[in-house]
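Written below as structure tokens is the structure these notes are about.
FYI, it's all coordinate maths here, none of it is from the lab. Computed from a predicted model, the values in this text were never measured in an experiment. Here Cβ is always computed from backbone atoms with ideal geometry, including for glycine, and neighbour counts include all displayed protein chains.
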Amino acid sequence: MKRRICSYDLAAVPEDGYVVTDDGGEIYLCNARYLCIWAVSLATKPGLTEELKVRRLVLKVPAGEELVFETITGLARWASSKALGTGRVRRDYESA
Ligand SMILES: [Zn+2]
């Protein structure tokens, strides 16, 4: 099998890593934390073009399931919840 290089730390990605696929190719990340950091960095990048924002992304998770996201922001939200260990978006604050 071809060696897969992590886009975050450039290490070899383990079998239970994450794979993001778009029209341009595949991106590999070692774990949920690196997926989160990569996705949030890209989603919040100043001057990100509309084309990149609405690019369809397919995420292959370690269990083998494939999740489809219509925007990088959607993927970043999912990855943040995953990395933070919250299964769904929760309200963690009190109103003033
Ligand atoms: Zn890595």
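Details
- Cα gyration tensor, region 18-95 - rounded (a/c under 1.5), prolate or oblate: oblate
- Within region 15-96, GluC sites (Glu not before Pro) in DSSP loop having at most 15 other beta-carbon neighbours inside 10 Å: Glu15, Glu65, Glu70, Glu94
- Cα-based reach from Lys45 at 15 Å (exclusive), listing aspartates and glutamates while leaving out same-chain residues under 8 positions away: none
- Length-normalised contact order of the chain in % [C-alpha pairs under 8 Å, at least 6 apart]: 24 percent
- Nearest-ten-degree value, helix 32-43 long axis tilted from longest Cα axis of the chain: 70 degrees
- Zone residues, region 1-38, relative to Thr44, backbone N less than 15 Å from point 7 Å out along Cα-to-Cβ: 34-38
- Pair Asp23, Ser81: separation of 7 Å Cα→Cβ label points (nm): 2.8 nm
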